[in-house]
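*Asks:* Can you read through this structure? Questions will come right after.
The values are calculated or read from the model by the stated rules, or taken from the named source; none is laboratory data. Since the structure is predicted, the reported quantities are computational estimates derived from the model, not experimental observations. Counting neighbours? That spans all protein chains shown, and the Cβs are built from the backbone with ideal geometry, glycine included.
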Amino acid sequence: MFGRVRAWSRRHPGVVDALWLAPFLLASLWNVWQVLAEPGPLPIVRSMGPWGFLGLSLLLIVPLFWWRRRPLTVFAVVSLVSFGQWLAGLAPLVFNTAVLIAMYGVASRRRLRWAVAAGLVVELGLALSLSNPPGDLNVKTWTAASAFVVAIWITGIYTNTRHRYLESLEERAERAERERDQQARLAAAAERARIARELHDVVAHNMSVIIVQADGAAYALDGSPETAREAMRAISRTGRQALAEMRRMVGVLRADGVSEEYAPQPSLSQLDDLVTQVRSSGLPVELRVIGSPRKLTEGAQLTVYRIVQEALTNALKHGGPGTHAAVELEYGTREVLLRVTDDGRGAAAPAGPDGHGLVGMRERAALFGGSVEAEPCGGGGFRVVARLPVGEAVESRAA
């Protein structure tokens, strides 16, 4: 509730100023009416007349409505009016407290040098108003009044300092958010480049198969038509897979000027080796396969393998001592469901310096029309769930 009120006040500063100055203005006008209605008016009323007295009151009060937007101008106007009042030999009024409000505005909205200047002007005006006759200053009264002025001045300085501190925090938070988004974009770009290099191997392999099958079909066309026909079917099947891979590569840019050697990429047949390697590193892992294994494209197999690898690596790094992990690969009719869970520290684990592993998982799955969900488990541990469409779902996306 308080936060919403503060946000509303920031959006409508003019309304807020009017609301808190309106009671002061009404009370001052009521005081004017009471003074003018007395049978024996004050000496200042006799010397200025009722309309002059009312005009002086308005000159001291009305400028305060602009203290937030133009604090220096408001302070100058109110101070000059009060100084003119002193030069005319008129006694101080309750409306002269407007000088203190204007001084607070300068101290809370402008730099320190302006705040110091405003404070010195108020102290000078206080000394002049308390000198009666001129030159005869009541030090005790001036000291007590000065303490009140200094308290208001310090409050304005504190408000200014806090306001600038909050602005710096907001600016720092915005800068950190921009840097985080930039780092995420860079990580996504790097991951796309790496995926493009890996898919290059998959597509190159498919094209090699097509070439070999085409050569075989050419040799067997006359002597063994059935063999040639089977080779042509293999070419058609492999070509469709290669075409689907190429379509998924649209929009994925490779890094320019990077010379790297390509090695055969892992597949699901090496998932047992990966689990064995992680176990030897000190993380007990259980691998479970549900359903009848389906033939996946090499790109999809590589994606599943990399997600399992990244999830187990995170469990090994952040799970803590005594952590156990489980990998569950479920083959469905329209999708492959992958679950990697651990019983480690979960949300209590310290954040890594990069934090781009999850970005890479999602980028890989998105290339095949899939999705990845990663979150801490309720009772501790961490869970990664990946879904990749297969069969007709993949063909409909690739078409």
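*Asks:* Taking the stated definitions as given, is G320 modelled with pLDDT under 85 and in contact with a Pro (Cβ under 9 Å, 6 or more places away or on another chain)? Steps first, please.
*Replies:* Details: modelled with pLDDT under 85: yes; in contact with a Pro (Cβ under 9 Å, 6 or more places away or on another chain): no.
Judged against the criteria, G320 is not a match.
*Asks:* For region 314-342, name all the residues that are β-branched (V, I, T) and either touching a strand residue (DSSP E or B) at 6+ places or on another chain (Cβ under 9 Å) or surrounded by 15 or more Cβ atoms within 10 Å (Cβ to Cβ) (or both). Let's see the steps before the verdict.
*Replies:* From region 314-342, those β-branched (V, I, T) are 323, 327, 333, 336, 340-341; that's our starting set.
Within region 314-342, T323, V327, V336, V340, T341 meet the criteria.
*Asks:* Which residue, of A91, A102, A115, is within 16 Å of F53 (Cα to Cα) and either in contact (Cβ under 8 Å) with a residue 40 or more places away in the chain or in contact with a Leu (Cβ under 8 Å, 6 or more places away or on another chain) (or both)? Spell out how you get there, then give the answer.
*Replies:* On the way: A102 fails: within 16 Å of F53 (Cα to Cα); A115 fails: within 16 Å of F53 (Cα to Cα).
Going through A91, A102, A115 in turn, just one is within 16 Å of F53 (Cα to Cα) and either in contact (Cβ under 8 Å) with a residue 40 or more places away in the chain or in contact with a Leu (Cβ under 8 Å, 6 or more places away or on another chain) (or both): A91.
*Asks:* Follow-up question, since we're still on this one. Say whether the condition of being within 28 Å of R364 (Cα to Cα), modelled with pLDDT of 70 or more and under 44 Å from the mean Cα position of the chain (by Cα) is met by at least one residue in region 149-171. Don't jump to the end; show me each part of the working.
*Replies:* Initial filter on region 149-171 (within 28 Å of R364 (Cα to Cα)): none.
No, because not a single residue in region 149-171 is within 28 Å of R364 (Cα to Cα), modelled with pLDDT of 70 or more and under 44 Å from the mean Cα position of the chain (by Cα).
*Asks:* For residues that are among the basic types (K, R) and assigned to a loop (DSSP other than H, G, I, E, B), scanning just region 283-302, find the one that is surrounded by the fewest Cβ atoms within 10 Å (Cβ to Cβ).
*Replies:* The first filter runs over region 283-302 and keeps only residues among the basic types (K, R), leaving 288, 294-295.
From what is left, the residues that are assigned to a loop (DSSP other than H, G, I, E, B) are 294-295.
On the way: R294: 12, K295: 10.
Per the criteria, the residue is K295.
*Asks:* A further question on this structure: Of all residues in region 155-187, which are touching a residue at least 12 places away in the same chain (Cβ under 8 Å) and among the hydrophobic types (A, V, I, L, M, F, W, C)?
*Replies:* Going through region 155-187, the residues touching a residue at least 12 places away in the same chain (Cβ under 8 Å) turn out to be 155-157, 159-160, 163, 183-184, 187.
Answer for region 155-187, where residues must be touching a residue at least 12 places away in the same chain (Cβ under 8 Å) and among the hydrophobic types (A, V, I, L, M, F, W, C): I157, A184, A187.
*Asks:* For region 272-311: of the residues being at pLDDT 85 or above and among the acidic types (D, E), which is nearest to G322 (Cα to Cα)?
*Replies:* E286
*Asks:* From the residues in region 100-124 that are among the charged types (D, E, K, R) and part of a helix (DSSP H, G or I), which one is farthest from W86 (Cα to Cα)? Show your work before the answer.
*Replies:* Our first condition is that a residue be among the charged types (D, E, K, R); within region 100-124, this holds for 109-111, 113, 123.
Of the ones still in play, those that are also part of a helix (DSSP H, G or I) are 109, 113, 123.
Details: R109: 28, R113: 26, E123: 14 Å.
Among those that are among the charged types (D, E, K, R) and part of a helix (DSSP H, G or I), it is R109.
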